[in-house]
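Below is one structure, written out as structure tokens; comments come after it.
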Amino acid sequence: MTVAARVAGLSLLLALVCSSGAIAAAPQYADGAEIFAANCAVCHGSGGAGQPALAPPLLANPARYATVAEGRRQLALTVLFGMFGDITIDQKHYSFKMPEFSQLDDQKLAAVLNFVAFDLAHAAQEVKPIGADEIAAERGKGLDGAGVREHRAAVLEALGSG
């Protein structure tokens, strides 16, 4: 991809995201924003608010997950292996099948997770960004989307919201 094409794509993304009111300023994780726009926004929306009954919002839980080791694992597992089945967020029910994105390298997956956790869900500044090494550590686990959903339930219980 040429530099001009990247700049044009990022400019379009910023215009869409800023016009939605989801982010007031340029994203801290611009590379992750670009990856999100290309792979995630179609279901989760450009601002991460989700779509009723289709895809859950990404505006709270990713920031909470980023604060604990098992939550960070959950984020990595979700993008690597996808997730499917019934979940409830903010008393709203979702039964969906998120695809896996293991075709993206560890650096790109870390970038998109940091965009989601910090730019969309507003994780606290003291929370350590997710590293490519954390993605790499989970890549060989061989889970499927149902296994990822089961892990999610354990993470929520550990966070006191199961």
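Values in this text are rule-based calculations from the coordinates and carry no lab data. Computed from a predicted model, the values in this text were never measured in an experiment. Ideal geometry is used to build each Cβ from the backbone, glycine not excepted, and the neighbour counts take in all protein chains shown.
Here are a few things to note about the model shown:
- Potential lengthening of the chain between residue 107 and residue 153 amounts to 13.9 nm, from the contour at 0.36 nm per residue minus the alpha-carbon distance.
- Interatomic Cα distance distribution for the stretch 3-158, bins of 5 angstrom, percent: 2, 10, 19, 24, 22, 15, 6, 2, 0, 0
- Residues whose amide H falls under 5 Å from that of residue 83, counting only those 5 or more places apart or on a different chain, are 98, with hydrogens built in the peptide plane.
- Going from the fewest other Cβ atoms within 10 Å to the most, the residues 86, 105, 31, 119 appear in the order 86, 105, 31, 119.
- Percentage relative contact order, the stretch 3-158, counting C-alpha pairs under 8 Å, at least six apart: 27
- Separation of the residue 84 and residue 70 label points, Cα + 7 Å toward Cβ, nm: 2.6
- With a Förster radius of 41 Å applied to the C-beta separation of residue 97 and residue 132, the computed FRET efficiency comes to 0.95.
- Pairwise label distance in nanometres, residue 124 with residue 26, each label 7 Å out on the Cα-Cβ vector: 2.8
- From phi via Karplus (6.51, -1.76, 1.60), per-residue ³J(HN,Hα) for the stretch 81-94 in Hz, x at Gly/Pro: 10, x, 7, 9, x, 7, 9, 10, 10, 6, 6, 10, 8, 10
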